[in-house]
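To start, the structure itself, in structure tokens.
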Amino acid sequence: MSAIVCISRHSPYGSSLARDALDAVLAAAAFEQDIALLLMDEGVWQAYRHQQASAIEQKELGKNLSALAVFGVEKVYVHERSLTRRGLDRDSLSLNNVQLLNDEATRALLAQARQVLSF
Amino acid sequence: MKFTVVILGAPYSSAASYSAYRFCRALLEQGHQLARLFFYADGVHNGSALTCPPQDELDLQQAWRQLITKHQLDAVVCIAAALRRGVLDAAERDRYAKPADNLACEFNLSGLGQLIEACATCDRTVTFGA
């Protein structure tokens, strides 16, 4: 159960939305809200292990994702079908505390959320 | 019902801002409450007072400003997203020693806490431009 679920559906560096979503999640944690992050569609690339953001003069987004637990965000989910459709699996991800959700579990997560923040 | 509306799209670049505007107008007309407008990411450009669309086109920023004034809405522009994109109020202009400010007076610059607080206290959060 999570009061707020943040869905992040965009790739890490193609637009600002991935970072904006992450900032919103961190703000929610700072305000002691019960928040979960769901990576879906192109958003699964945010957790991809082999990012080289410095080559495009960006800060590594995957590192911020890994730091979420430090800020009290325990619930990070990845939509499993989005992952497999892109030829990725759990081993492709930089996060080890992440939970993969099938379609049914994803529906259940969103159905029980009091609020959904979409990015 | 009490709504929070999040706008992530710049005016004219996508339909997000106009769709959000129409949604807000409709929910207010139907007697719902709009707890807060939160302009984030490229949505911060909706707060610029310097836009000059052609005269035969809808002036979307003007439309937002009129809606905000008419219903006394709380319209927050995310300060971090705005600073990155050059949308400044007078205080930020002075802080960063820039030559001008451009935030329309109907909007306020503030932090993401305003989004979270609104989200935690309203019934529905609806996002445009994700």
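The values are calculated or read from the model by the stated rules, or taken from the named source; none is laboratory data. Quick caveat: nothing in here was measured; it's all calculated off a predicted structure. Every residue, glycine as well, gets a Cβ built from its backbone with ideal geometry; the counts of neighbours run over all protein chains shown. These accessible areas exclude ligands, DNA and RNA; they are computed on the full protein's heavy atoms, side chains included. Shrake-Rupley method; radii C 1.70, N 1.55, O 1.52, S 1.80 Å.
How large is ³J(HN,Hα), in whole Hz, for each residue of segment A:46-57 in order, when computed from phi with the Karplus curve 6.51 cos²θ - 1.76 cosθ + 1.60 and θ = phi - 60°, using x for Gly and Pro?
4, 9, 5, 5, 9, 8, 10, 5, 5, 5, 10, 6
May I ask you to evaluate 6.51 cos²θ - 1.76 cosθ + 1.60, the Karplus curve with θ = phi - 60°, for each residue of segment A:27-40 and list the ³J(HN,Hα) values in order in whole Hz, giving x for glycine and proline?
Values, residue by residue: 5, 4, 5, 5, 8, 6, 8, 7, 10, 10, 10, 10, 8, 9 Hz.
Express the carbon and sulfur contribution to the solvent-accessible surface of the protein assembly as shown as a percent, rounded to the nearest whole number, probe 1.4 angstrom. Walk me through the numbers before you get to the answer.
On the way: 5830 of 12270 Å².
The value for the protein assembly as shown is 48 percent carbon and sulfur by accessible area.
Roughly how many nanometres apart are two label points built 7 Å out from the Cα toward the Cβ at residue A:67 and residue B:70?
4.4 nm
How about residue B:2: which aspartates and glutamates have a C-alpha closer than 14 Å to its C-alpha, ignoring those fewer than 8 places off in the same chain?
Partners found: B:29, B:74, B:117, B:123.
Within 10 Å, count the other beta carbons around each residue, average over each peptide in A:18-29, A:59-70, and list them highest first. Don't skip to the answer; put the middle values down first.
Numbers: A:18-29: 23.4, A:59-70: 15.9.
Answer by packing, highest mean first, reads A:18-29, A:59-70.
Can you pull the mean other chain C-beta count within 10 Å for peptide A:16-22? Before the final figure, lay out each step's value.
Numbers: counts 7, 6, 0, 2, 10, 4, 0.
Averaged over the peptide's residues, the number is 4.
Using only atoms on other chains, find how many Cβ atoms lie within 10 Å of each Cβ of peptide B:118-129 and report the average. All intermediate terms of the calculation are to be shown ahead of the outcome.
Numbers: counts 1, 13, 9, 1, 2, 2, 3, 6, 2, 5, 1, 3.
The mean count of partner-chain Cβ atoms within 10 Å per residue comes to 4.
Got the relative contact order for chain B handy, in percent, Cα pairs under 8 Å and 6 or more residues apart? Display every interim value, and only then the final one.
Details: 223 pairs, mean separation 46.9, N = 130.
Computed over chain B, the figure is 36 percent.
If you count, for every residue in B:34-46, the Cβ atoms of partner chains within 10 Å of its Cβ, what is the mean?
On the way: counts 0, 0, 0, 0, 1, 0, 7, 8, 4, 1, 0, 0, 0.
Counting other chains' Cβ atoms within 10 Å and averaging over B:34-46 gives 2.
Can you tell me how segment A:4-118 classifies by the Cα gyration tensor, rounded, prolate or oblate, using a/c under 1.5 as the rounded cut? Write out the running numbers ahead of the final one.
Details: a/c = 1.67, a/b = 1.15, b/c = 1.45.
Here segment A:4-118 falls in the oblate category.
Three principal axis extents, largest first, for the C-alpha atoms of chain B, in Å?
Between the extreme Cα coordinates on each principal axis of chain B lie 43, 38, 27 Å.
Å³ per residue of the Cα convex hull, for the protein assembly as shown?
For the protein assembly as shown, the hull spanned by Cα atoms encloses 144 Å³ per residue.
Extending each Cα 7 Å along its Cβ direction at residue B:28 and residue B:92, get the distance between those two points in nm, one decimal.
Distance between the two pseudo-spin positions: 2.3 nm.
May I ask you to find the residues of segment A:89-119 that are shielded by at least 10 Å² of accessible area once the whole protein assembly is considered instead of their isolated chain (probe 1.4 Å)?
Output list: A:114, A:115, A:116, A:117, A:118, A:119.
If I take R0 = 35 Å and measure r between the Cβ atoms of residue A:59 and residue B:52 in this structure, what FRET efficiency does the formula 1/(1 + (r/R0)^6) give, to the nearest 0.05?
0.50
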